[in-house]
4 protein chains.
Amino acid sequence: MRERLRYLTAGESHGPAISAIIEGMPANVFIELDAINHEMKRRQIGYGRGGRMKIESDTVKILSGIRFSKTLGSPISILIENADFENWTEKMKQFGEPNCKIEPITLPRPGHADYSGMIKYKTDDLRNILERASARETAAKVAVGAICKQFLKTYNIHIFSHTISIKDTYANLDGISYDDITIRAENNDLRCADESVLDTMRHEIDKAKDEGDTLGGITEIVATGLPVGLGSFMHSDRKIDGLIAYNLMSIPSVKGIEIGSGFSGVQKLGSEFHDEMYLSGRASNNAGGIEGGMTNGEPIVVRAAVKPIPTLKKPLNTVDISTMTETKAHSERSDVCVVPAAGVVLEAALAITLANTILADNEDSI
Amino acid sequence: MRERLRYLTAGESHGPAISAIIEGMPANVFIELDAINHEMKRRQIGYGRGGRMKIESDTVKILSGIRFSKTLGSPISILIENADFENWTEKMKQFGEPNCKIEPITLPRPGHADYSGMIKYKTDDLRNILERASARETAAKVAVGAICKQFLKTYNIHIFSHTISIKDTYANLDGISYDDITIRAENNDLRCADESVLDTMRHEIDKAKDEGDTLGGITEIVATGLPVGLGSFMHSDRKIDGLIAYNLMSIPSVKGIEIGSGFSGVQKLGSEFHDEMYLSGRASNNAGGIEGGMTNGEPIVVRAAVKPIPTLKKPLNTVDISTMTETKAHSERSDVCVVPAAGVVLEAALAITLANTILADNEDSI
Amino acid sequence: MRERLRYLTAGESHGPAISAIIEGMPANVFIELDAINHEMKRRQIGYGRGGRMKIESDTVKILSGIRFSKTLGSPISILIENADFENWTEKMKQFGEPNCKIEPITLPRPGHADYSGMIKYKTDDLRNILERASARETAAKVAVGAICKQFLKTYNIHIFSHTISIKDTYANLDGISYDDITIRAENNDLRCADESVLDTMRHEIDKAKDEGDTLGGITEIVATGLPVGLGSFMHSDRKIDGLIAYNLMSIPSVKGIEIGSGFSGVQKLGSEFHDEMYLSGRASNNAGGIEGGMTNGEPIVVRAAVKPIPTLKKPLNTVDISTMTETKAHSERSDVCVVPAAGVVLEAALAITLANTILADNEDSI
Amino acid sequence: MRERLRYLTAGESHGPAISAIIEGMPANVFIELDAINHEMKRRQIGYGRGGRMKIESDTVKILSGIRFSKTLGSPISILIENADFENWTEKMKQFGEPNCKIEPITLPRPGHADYSGMIKYKTDDLRNILERASARETAAKVAVGAICKQFLKTYNIHIFSHTISIKDTYANLDGISYDDITIRAENNDLRCADESVLDTMRHEIDKAKDEGDTLGGITEIVATGLPVGLGSFMHSDRKIDGLIAYNLMSIPSVKGIEIGSGFSGVQKLGSEFHDEMYLSGRASNNAGGIEGGMTNGEPIVVRAAVKPIPTLKKPLNTVDISTMTETKAHSERSDVCVVPAAGVVLEAALAITLANTILADNEDSI
């Protein structure tokens, strides 16, 4: 893998702050703080989110790398303070012994990092695992992605996402242009471009909420304005479809990634599947903008399967690690459905992938 | 990404040889040459393959890294000579001017690297692109994977694959154990464990062949015997689901990757989806063996959507790059369906991912 | 290169903060905040430092990765706020237009990043370069190194440094044990174990100061308690001598690195140079603890040539970039001699190298 | 580190072949096979080499990545067959049990990888270590470097080296231009530009040979024609001086690296050391072409301390690992002095570093 844009994120869910450092962003890229905070806000909305979203209202501080609204070429340091930390100073104290008895959490939630994490990291307090495994980390990713989006804008590349389905309710998008989809999806709290299914989706979410259950769905992420030839077939770890799958599958709750017509596309014959070329352009985009591990100039179209989140109010069966008895899982705070927000995080992951590939791919021929 | 096991592959489809070097394999791993060549052979069979598979009959030479059937810890150099090279010495001559007029290929095939490759690598002869973009590269990957499989065997980890669907014919695997699936899939040239659909599948392939068309399908890859805790949620680029998606989506023709119940699983409620824990084990494996970016001890289950290959005997519409006129695409040699062979390549990719993760993940806690 | 312990640093010299994130530190490592701040303090002392050292008095805040004095295995986020930032809010404003006229700096200092930086990063204000190129960055490195030192302590590995020479005054260390060197070097502001030369060294520094000039010297960095076999000859980019040279030569002002007897050692015959082995141990340590790219169990001994710093009160000839006329260089604040402090930074760089190698090198044989 | 040009080498000293794969070389670079073999030959000459150099006469086969003398942008696979392998098929057999009793080597040579290697790689036969730890690996490095040199030629960057000293005999190069040095150094088997010291050097080598001893020395490597701004201070692992030190210190026998005036330069005052700028250019090059971790347009000048090789005909004291008794070390074939050849290998390492940096450093500002 050619890594040109490096970044690290840090932060526990209830620690003092989430932070990130980006290294490798070129100098002289115009960056607006409002554009970053706008993405932070988009990540927090969505029908079906729990109470904490109101506490958070994340805002970003930039500690380095930008002067007079332009990147310096130096590492960009991002700080997102946790408004809620003051209530957690006992439980999340960094140095010294705990001031009071800290009750360890010992009830792993199926579907979460809890069980494997306790074994791998040799701890008997689940909090040592769930604090970092929390989706709170995606706040940092969205901030990093927001900076990459502004970099991509200088290349006229734009990224958006919209909800394809919630549980088994699917949007019908036949004949709607991408421009239209973007506008419509940004106008409702399900981030779905088919207004006719919004009521059903909300009803499903309400029902799950009443039952202490959770819901997943499918999100589509699209990038337009791409040059031809990002990525490469020359070595398999440089293929842009692989890189996209890597970065998007690494988002919490994502269990599937498909590009273009994906899993349903393979039911077609080769003559139906492949996007024939004419002087006027392509007849279709089943390839989702990627052929031979490279962009082909068409929009990149990716869909991600987002599983129902694994923290249920009505908790699942599990095994208490301290007593080795069967019981119900730990229940941390709970959202019911994060599909609309997941789209925003996935946009960020795609933005980071594309920014890195643009930067890494120069001079592939002389 | 923690890269502990590095490898590079090289080789043009009609060049003198395909080669690979693996660096980072520990010393003292028992390796059999037959086991490597067995995987090479598995890659070449499959109903629907074209004529070249008979020419190839790949065998591997090891040039370094192994002594008396044990790894030395040094780089392992792999050589797969192209039996067919003598017929290509004019067209693929490495040094000096061509001896005769070489007709450049100028008709990009939709679905292939051709069009984007010519632009990115600034060439007007498509052969400079298609030689490396060819799936011939996967011979090297299978050899690398075969060595990783033998490494994994020392951990009792086993990997296999089987065909889920060809075009719109799907196998029914209800109630069949993994052990059974492995045996059955290895016993037919479609690598499919449901014998009742083999005739339909073969018929589809024959029909496509007659029409000069191609077919795709879905393959499932499974790893068993895994320890708990491979991969990590501590930084998103260390999640094993992301790493698997990266390596499998980078295989030619793959357009989708799903883990566990994947895209269909998101139609379930959280209480139905998540794999409840009991003292006796898990009640289900919708997670496909991965929670929180780590293995949870259950089998890893991944499915890949393999598109119909893009070289059709009945070629697609394209644009001649030299004349900028509409015409039909170039037609290199042609398989009809590579789904059974793709499974073998995907096994190799999974083996490489797991071997790397095992090696990279030591001492995550002291 | 096997990168197991990743870190990024960020921060401009006069920006709001210096920060760093470390990823890959195992869980359950005992960390004391005082031990980190102790290293921060060691970096700031030293005869010949300028006024800013009094302003700085760096203290570290940990934003993540540690709970109840133990690492969680998650990224460790480090924040070092710049006490002085309030005086720089105009000049270093991050977003929006400058509030007042900012005079660009256009006089590159020979020996610094100024000239090449302005060209590479396409800026006409040298401040955009010198803020990040400043040795202020080493504050972050020392904090990262301080955490690595505590990790190494769990392996009984200890690192120290001492001044070998200031300009052309050399310490005489014949017959002094490492234990003794450590104690003596920590007891004076030149960090030199030969007390008999301290007066001469201080006199040289005073003289240079009076003349508006600067001084360099040589520092020795030593690591003891090492296991046999860190690093590897199996691939040249895994050799621990290369990795040490990489990390130490990347410290500002370092122009040479030698291991063991280094440049003078090559005047010996092979039979004199190589460290013969006996049942009782080695007869000498000309190899500086490294043979064949691996530690051999003897102390690692490295010396670094630290050039006189390039910001002189009596500035050097340069060319004004805005007018292309010959003139005198820009003069930012100035130290006279940083050799004692450089030793502390070099210790950090060695600690980071060793920590990474220990973590990256497990299971090199099964 | 930004890795844009990846390469792996492989091969045991007495195995069937040395090989390498380079990934990331751009398309359309003109490559001549003769130019590669010319470098292979330069590596093999030199007063003081042993008998094997006559056996070797290495020639390179290219298995991929080049067509009609131009790179394709695909991985370049390099094969150097060992003419001598037929005599080693018993001892270096790859698969199966040994055909006859293989006597393990158990006498580690001080100064070599032997002792640490046996422990790290858990073997009781030293051959498993010394085969890969042998300087034979540098044949692959020189081939890789020869390709990089041809890439650099398209940027008008040239690299050469010459011997500064053998043991304690130093060349006097006052007032000789680089052009002159290159010509003179290529004209004698010591690769030294001061003809007046050749006799003394040869005499030293002869004397050591008679006594079964070995000799080291110092080599200088120079690159000219460099653009301003390769490398970067923006993150310390991107500094070009660090990268050069990494790659050159990783060459067998190198124990020290200095840039520009290096260790002796630190005896100067800042006002003497730094290279003042005038409209007509720099007054000196004490910085060795690198300021702030970047090239400044002046020639890069690096010197390497090359230790006497550790295989002596008159072997050193060691400990027999099998019996744990004191004895004399194993004596594999032996050169007396490799300093002239080391220069050629160090040129290759510098060429690789610069090629990678040029490729990795594009678009550092927009």
Summing -39500 (n - 2.57) over every DSSP H run of at least 4 residues in chain A and dividing by its residue count gives a helix-only mean residue ellipticity at 222 nm, to the nearest 500 deg cm²/dmol, of -8500 deg cm²/dmol
Of D:VAL301, D:ILE45, D:ASN172, which is farthest towards the positive pole of chain D's charge dipole, taken about the Cα centre with +1 and -1 on the beta-carbons of Lys, Arg and Asp, Glu respectively?
D:ILE45
Under a plain spin-label model, where a point goes 7 Å from the Cα along Cα-to-Cβ, how far apart in nm are D:ASP320 and A:VAL228?
7.1
Rank the residues D:SER57, D:SER334 as a footprinting-exposure proxy: fewest other Cβ atoms within 10 Å of their Cβ go first.
D:SER57, D:SER334
Within chain D, which complete DSSP H helices have Cα atoms spanning at least 24 Å along the helix axis and a mean Kyte-Doolittle hydropathy of -1.0 or higher?
D:339-360
For segment D:156-249, the charge dipole (Cβ of Lys, Arg +1; Cβ of Asp, Glu -1; about the Cα centre) points to a positive end, and the Cα of D:GLY216, D:HIS158, D:HIS235 closest to that extreme belongs to D:HIS235
Find every distance from the label point of C:GLU211 to the corresponding label point in the other copies (7 Å from Cα along Cα→Cβ) and write them in nm, one decimal, shortest first.
4.2, 8.6, 9.0
Taking the label point 7 Å from Cα in the Cβ direction, how far apart in nm is D:SER331 from each other copy of itself, listed shortest first?
6.5, 7.1, 8.1
Quote the convex hull volume per residue of segment D:127-171, based on C-alpha atoms, as a whole number of Å³.
87
Is there a quick way to get the dipole size of chain D? I mean about its Cα centre, with the Cβ of Lys and Arg at +1 and of Asp and Glu at -1; what is the value in debye to the nearest 20?
720
Ranking C:ILE66, C:HIS112, C:SER271 by how far each Cα lies towards the positive end of the charge dipole of chain C (+1 on Lys and Arg Cβ, -1 on Asp and Glu Cβ), the top one is C:ILE66
Here the FRET efficiency for B:SER280 versus A:SER331, based on Cβ atoms and R0 = 22 Å and rounded to 0.05, is 0.40
Cα gyration tensor shape of segment A:222-274, rounded if a/c is under 1.5, else prolate or oblate by comparing a/b with b/c:
oblate
Summarise the partner chain shielding of C:100-111 as one whole number: the mean count of Cβ atoms from other chains within 10 Å of each residue's Cβ.
3
How big is segment D:1-140 on each of its three principal axes, counting only the C-alpha atoms and giving the largest first in Å?
50, 35, 32
√(5λ) per eigenvalue of the Cα gyration tensor, segment A:53-130, largest first, Å
33, 17, 14
Give me the distance between the Cα centres of segment D:69-125 and segment D:298-366, rounded to whole Å.
18
Mean Cβ count within 10 Å, highest first, over the residues of peptides D:90-96, C:198-204, A:220-226:
A:220-226, C:198-204, D:90-96
Please compute the average number of Cβ atoms from other chains found within 10 Å of each residue's Cβ in peptide C:80-90.
0
Counting only other chains, and only Cβ atoms inside 10 Å, what mean value do you get across the residues of D:165-175?
1
Counting DSSP beta bridges in the protein assembly as shown, what percent are antiparallel, to the nearest 5?
95
Write down the Å³ per residue value for the convex hull defined by the alpha carbon atoms of segment B:162-227.
87
Net charge (Lys, Arg +1; Asp, Glu -1) of residues whose beta-carbon lies under 11 Å from that of A:PRO227, A:PRO227 excluded, is 0
Divide the volume of the convex hull of the Cα atoms of the protein assembly as shown by its number of residues and quote the answer in cubic angstrom per residue.
174
Using bins 10 angstrom wide from zero, how does P(r) for chain D break down, in % of all Cα pairs?
5, 22, 31, 25, 13, 3, 0, 0
B:GLU103 versus C:ASP180, label points 7 Å from Cα toward the beta carbon: distance in nm?
8.6
Suppose every K and R has +1 on its Cβ and every D and E has -1 on its Cβ; what is the size of the dipole of the protein assembly as shown about the Cα centre, in Debye to the nearest 20?
0
So how much slack lies between D:ASP84 and D:THR200, counting 0.36 nm per residue of separation and subtracting their Cα-Cα distance, in nm?
38.3 nm
Give me D:ASP189, D:ASP237 ranked fewest to most by other Cβ atoms within 10 Å of their Cβ, as a rough exposure proxy.
D:ASP189, D:ASP237
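Laboratory data are not the source of any read-out in this text; all were calculated from the coordinates shown. Remember, predicted model here, so these are calculated numbers, not experimental data. Virtual Cβ from ideal backbone geometry, glycine too; neighbours counted across all protein chains shown.
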